[in-house]
Structure formats: structure tokens, C-alpha cells
Amino acid sequence: MNQLLEQLKAIVGPKGWISDSDALEPHVNEWRGQFIGRTPLMIMPASTSEVSQVVAACAEASTGIVPQGGNTSMCAGGIPDESGTQILLSLARMNRIRAIDADNFSIEVDAGCILQTIQEAAHDAGCCFPLSLGAEGSCQIGGNIATDAGGLNVIRYGTARALVLGLEVVLADGTVLNSLRSLRKDTAGYDLKQLFIGSEGTLGIITGAALRLFPDPGQLTTALVAIPSSGTSVSLLGKLQQHFPERVQTFELVSDYVFGLVDRYIPDAGLPFDGDYPWYVLLEAATGDGPGHLEEALMEAVEEGMVLDAVIAKNSAEVDRLWRLRHSISEAERQAGKALKHDISVPVSRMQEFLSRGDELLEELRPDATLVAFGHVGDGNLHYNVSLPHSIDSEEFASEGKRITGAIYDLVAELGGSFSAEHGVGRLKRPYLAEYRAGPEYELMRKLKNTLDPASILNPGKVI
Ligand code: FAD
Ligand code: 2HG
Ligand code: ZN
């Protein structure tokens, strides 16, 4: 091992590695504190060629490599295990915007670019890069692509997969696969880049990406709307989509309990309503010439009993305030204590059924559990998280967690949904992949893994 470590250090030079345990700490820990990994070395290549040499050296030594972006994974995907034998490979130094082509609505970037930096570069060029999530100030585009991240604008623009035009990837033997083409149309053989999108670092290391940009969406109107029940959100979504076809770009359901957590744990968050309502929707639509049309649509919804109250942001400070409420949820939930995270999706048409059957199921399984539900209901994706009483010990938390999570995932499967909508599988949900995708789907995944990474050195212990 020592020989390999020296070889890796020599490839990247003195600025390209860290072995000090204090400096490694934020990189080996999962941000919710569930897993603490160990590594002898974090290697930080500055170029694709260095990544290629690092991977080739690790392949030669049959040593595992864990690619890491911003380490914001929700399923412990980007940290090494506890063995202390896996090399951590951070893309943080590969953070250049390589080129931007506003006429082609495309941008080419290093994989270590922070998502927000790409959004800003696109904006400066008069375009828009629509991928947006609470972690956008620290997650990297390589991590976003590797997890096929979703976030807040999927309803209009799709997940990360829909935004990737081309990729540069280092394969498990160090070969650089260059399919960095900025094309909308390309039917020359298999679309290989799709293999790596959502593969969570288990099939290759993404070093560069060509991404799709969009015209600036113009005036956006943001509103927080109080609704009488979670199920009403689906009818309200249908109504708004009729008013704003293809122009509703955020549609987020949040329970009163969840906003209560934000209020309790996040200083100065403050809900803009006086009344107490059970559920809320945070929505954003491209409204063209001002908020008038959205106001009309919401008034109609009030008359039809779908909406109880609404606040439309009047200026950028109010927009920021509404978004701050939404972006603070995960942090508030973390501070509130351990929770079972269920990042599930079902067809939007079955969301109402999921919500009511999910409630019944929880009541039956564990009446003292608390539902912490929020998320991208417009995409059929809900964070159907569950917190258990603080009084139970970690053993009971684990066994109850298994029971409750299994029952929720069974319901999701029955409704044609997925146990992992946008966060990926990582380490946390690996057994569920084997269970819920068992059969030819799982077997083909395994064949792909064996073909592309026969010695299993890429992100060992994750996904498959
Ligand atoms: P990491 O956490 O570092 O890694 C994630 C996975 O990708 C790991 O398996 C890692 O090995 C792999 N990986 C990283 N970089 C590369 C690379 N260059 N090549 C190959 N593999 C790589 N997710 C959503 O989808 N939607 C949300 O709305 C959302 N909101 C969030 C809000 C908060 C506050 C937080 C903390 C997280 C949120 N997430 C969300 C989860 C997380 O931000 C995403 O999964 C994100 O895409 C991970 O990016 P990262 O750079 O942090 O990757
Ligand atoms: C979000 O939508 C993220 O805010 C995080 O996907 C979800 O913390 C969670 O469960
Ligand atoms: Zn989410």
C-alpha cells in the first residue's frame, strides 16, 4: 500500500493530496453523521490525465477508489468505508468552465465545478442552466451527473440526465473515454454516456461534461400556497399546468410539521402566514409579463376549495425568503434528530393514493411515528421521511426502521414507483436495489458492472 500511496502522490504533486486526519475529516464523514469512513489518502488530481494515471495505478494495485464531489450525498455514496484501504479521489481541483457556446446553448465544464458556478456562468452568458437543489453552493456537477440529481426544476427541465449532452469519463483501467460532444442529435451507435449518468462512481469517473443550456425563462413568479390536504396538491398542479403549460417549473409540497421544524431550528426563517394550515405548496412559474395571471389562477383555486391562502413574492428579497424556507428543510430535519429517509417516487396520477395509503400504513405500523413529508410532488417524488420517538435506543431504531422502510417501499413498488427517486442508492440503499430490481434488471446491472469494472475497484460497496 505504501508504495502505491507514494506513486499517487508523485502523480498529483504536493498540492494534490491530503493525508492529515483533521483535514480529511469532512471528506470521510457523511454529513448527517451516520457513517464515518477512513482513508489513508485523499488524492486531488488537477487534470483528466492525472485522474487517468491515478486510476491506472490503483487498478494495477487492485485498490478501491471512491470518487467524491461535494460530499452532499443523501445515501453515503461519496465516502470510503471503515476499512481504511480505499483511496478517496476528490474532483475539487478540476473546477474550470472549459467553454461556453451561447449560440449552441451549451457549456463544457470540468466535473469538479460547483453547480452554482455553472448556473452563474450560464446566466452571465444570457442563458440558464436549470439544475437547482438545496446543496447547489457545494455539490459538484460530476456528483450531480453521477447521481442523476433531480431538485427543484425537474417538472420543467428534467433531471441531470436530460441536461447532459456529452461526457468525458475515466474508465476502471485508466482509459479516457471522450464523448464530449455538444450535440442535440447523435445516433452513432450506443449512447455510452447514459451508462455513467446515475452510476454513482461505480462504472467510471466523470472528469468533464458538455451540458445543455436554455434561454433565460424571463419573469418567474414565486408563491407559497396553503392547501387543505396533501392530496389537493395534485389537483392544484393539474390546474396550474393548464394555465401555464410547460411553464410551471417548481411545485413543492411541504407539510406544516416540516415548516414547524424549519421555524424551530433555523434562525429567522419565519413562515409568511398568520394562520395555521396543514399543508403548503411552494411554486414557481414562468409568468411572462408579471404575476397577474398566477393571481387569477390562484383565486379560481380558492373558489374551488383547493387553496386556503397564498402569498406571492413581490420582490427578490421575498423570493429569497420563500426559497430559504425550502432550502433549510434538510438541515432542520438533521438538527431535529435521526429520521428514516424515504426518497420515493410514484406516477403523479397515483400520488394521492400513495399519500392516503401511506398515512394509514404509518398509523398501523407505528402510531407514535411522525411523518416528515415534503418534496417534488410535481415530479411524483416525495421525501416521505419518518421520525421515531427520541426515547427509543439505536437497536430499536434500526429494527423498527427496517420494518417501516420495508413496508413503505412495498407500497411504493405496488404503485409502480421507485425506492430511490433522485438521491441514488449509495451505501445506504444497496440491499433494496437487489430486492426491488431483482431478476433480469439487476442481473444486467451486475453484468455491466463486471464488464466495466471487473476488479471492482470503482466505489466498492456502493449501489451493486
Ligand atoms: P457526492 O456526495 O460527493 O457524491 C455522490 C455520488 O456521486 C457518490 O457515489 C460519488 O462517488 C459519486 N461521484 C461524485 N463525483 C463523481 C464523479 N466526478 N465521477 C463519478 N462519480 C462521482 N439531491 C437531489 O437529487 N435533489 C435535491 O433536491 C437535493 N437537495 C439536497 C439538499 C441538501 C441540503 C443536501 C445536503 C443534499 C441534497 N441532495 C439533493 C443530495 C445531493 O446534493 C445530490 O445527490 C448531489 O447530486 C450530490 O453531489 P455531490 O457533488 O455532493 O456528490
Ligand atoms: C430536498 O428535496 C432534498 O430538499 C433533500 O432532496 C431531501 O433531506 C431530504 O430528505
Ligand atoms: Zn429532493
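The values are calculated or read from the model by the stated rules, or taken from the named source; none is laboratory data. Please read these numbers as outputs of a predicted model, since none were measured by experiment. Here the Cβ positions follow ideal geometry from the backbone for every residue, glycine too, while neighbour counts run over all protein chains shown. Accessible surface areas use protein heavy atoms only, side chains included; no ligands, DNA or RNA. Shrake-Rupley method; radii C 1.70, N 1.55, O 1.52, S 1.80 Å.
Figures for the structure shown
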read-out	value
Scope the stretch 406-452; condition over 20 Å from PHE196 (Cα atoms), out of contact with any His (no Cβ under 7 Å at 6 or more places or on another chain) and in a helix (DSSP H, G or I); matching residues	GLY406, ALA407, TYR409, ASP410, LEU411, VAL412, ALA413, GLU414, PRO431, TYR432, GLU435, TYR436
Residue check, ALA421 buried (at least 17 other Cβ atoms within 10 Å of the Cβ), within 16 Å of ligand 3 (Cβ to nearest atom), of a type in the set (A, V, I, L, M) and under 24 Å from GLU435 (Cα atoms)	yes
Test for GLU284: is it within 22 Å of SER230 (Cβ to Cβ) and exposed (fewer than 15 other Cβ atoms within 10 Å of the Cβ)	no
Sole residue being touching a residue at least 60 places away in the same chain (Cβ under 8 Å), closer than 27 Å to LEU240 by Cβ and among the charged types (D, E, K, R), chosen from ARG357, ARG326	ARG326
Failed item in (1) over 18 Å from LEU177 (Cα atoms); (2) open to solvent by less than 30 Å² (accessible area, probe 1.4 Å); (3) within 15 Å of ligand 1 (Cβ to nearest atom), with CYS128 passing the rest	(3)
Residue check for THR207: β-branched (Val, Ile, Thr), at pLDDT 95 or above, surrounded by 22 or more Cβ atoms within 10 Å (Cβ to Cβ) and farther than 26 Å from SER349 by Cβ	yes
Verdict on ALA455 being open to solvent by 60 Å² or more (accessible area, probe 1.4 Å) and either of a type outside the set (S, T, N, Q) or more than 30 Å from LYS239 (Cβ to Cβ) (or both)	yes
Which numbered condition ALA210 fails, given (1) more than 16 Å from ligand 2 (Cβ to nearest atom); (2) touching a helix residue (DSSP H, G or I) at 6+ places or on another chain (Cβ under 8 Å); (3) of a type in the set (A, V, I, L, M, F, W, C)	(2)
Whichever residue in the stretch 144-158 is more than 11 Å from ligand 2 (Cβ to nearest atom) and under 9 Å from the mean Cα position of the chain (by Cα) and, among such residues, is surrounded by the most Cβ atoms within 10 Å (Cβ to Cβ)	ASN144
Of the criteria (1) of a type outside the set (A, V, I, L, M); (2) open to solvent by less than 30 Å² (accessible area, probe 1.4 Å); (3) out of contact with any strand residue (DSSP E or B) (no Cβ under 8 Å at 6 or more places or on another chain); (4) under 29 Å from LEU382 (Cα atoms), which one GLY174 fails	(4)
Yes/no for PRO67 being in contact (Cβ under 8 Å) with a residue 12 or more places away in the chain, closer than 25 Å to LEU171 by Cβ, assigned to a loop (DSSP other than H, G, I, E, B) and in contact with a strand residue (DSSP E or B) (Cβ under 9 Å, 6 or more places away or on another chain)	no
Hey, GLN241 in a strand (DSSP E or B), surrounded by fewer than 24 Cβ atoms within 10 Å (Cβ to Cβ), out of contact with any Gly (no Cβ under 7 Å at 6 or more places or on another chain) and not hydrophobic (A, V, I, L, M, F, W, C) or not	no
All positions within the stretch 372-396 that are in contact with an Asp or Glu (Cβ under 7 Å, 6 or more places away or on another chain), more than 12 Å from ligand 3 (Cβ to nearest atom) and in contact (Cβ under 8 Å) with a residue 40 or more places away in the chain	VAL372, LEU388
Total residues in the stretch 294-321, condition within 19 Å of GLY134 (Cβ to Cβ) and buried (at least 20 other Cβ atoms within 10 Å of the Cβ)	1
Answer from VAL377, VAL346, VAL386 - the residue that is within 14 Å of LEU411 (Cβ to Cβ) and either within 12 Å of ligand 2 (Cβ to nearest atom) or over 21 Å from the mean Cα position of the chain (by Cα) (or both)	VAL386
Among (1) under 20 Å from GLU333 (Cβ atoms); (2) out of contact with any Lys or Arg (no Cβ under 6 Å at 6 or more places or on another chain); (3) crowded, with 24+ Cβ neighbours inside 10 Å, the one test that CYS58 misses	(1)
Selection status of ALA332, within 16 Å of ligand 2 (Cβ to nearest atom) and small (Gly, Ala, Ser)	yes
Meets criteria (surrounded by fewer than 22 Cβ atoms within 10 Å (Cβ to Cβ), within 16 Å of ligand 3 (Cβ to nearest atom) and at pLDDT 95 or above) for ARG161	yes
Exclusive hit being part of a strand (DSSP E or B) and away from ligand 1 (no atom under 16 Å from the Cβ), set VAL311, VAL319	VAL311
Any chance ALA188 is away from ligand 2 (no atom under 14 Å from the Cβ) and in contact with a strand residue (DSSP E or B) (Cβ under 7 Å, 6 or more places away or on another chain)	no
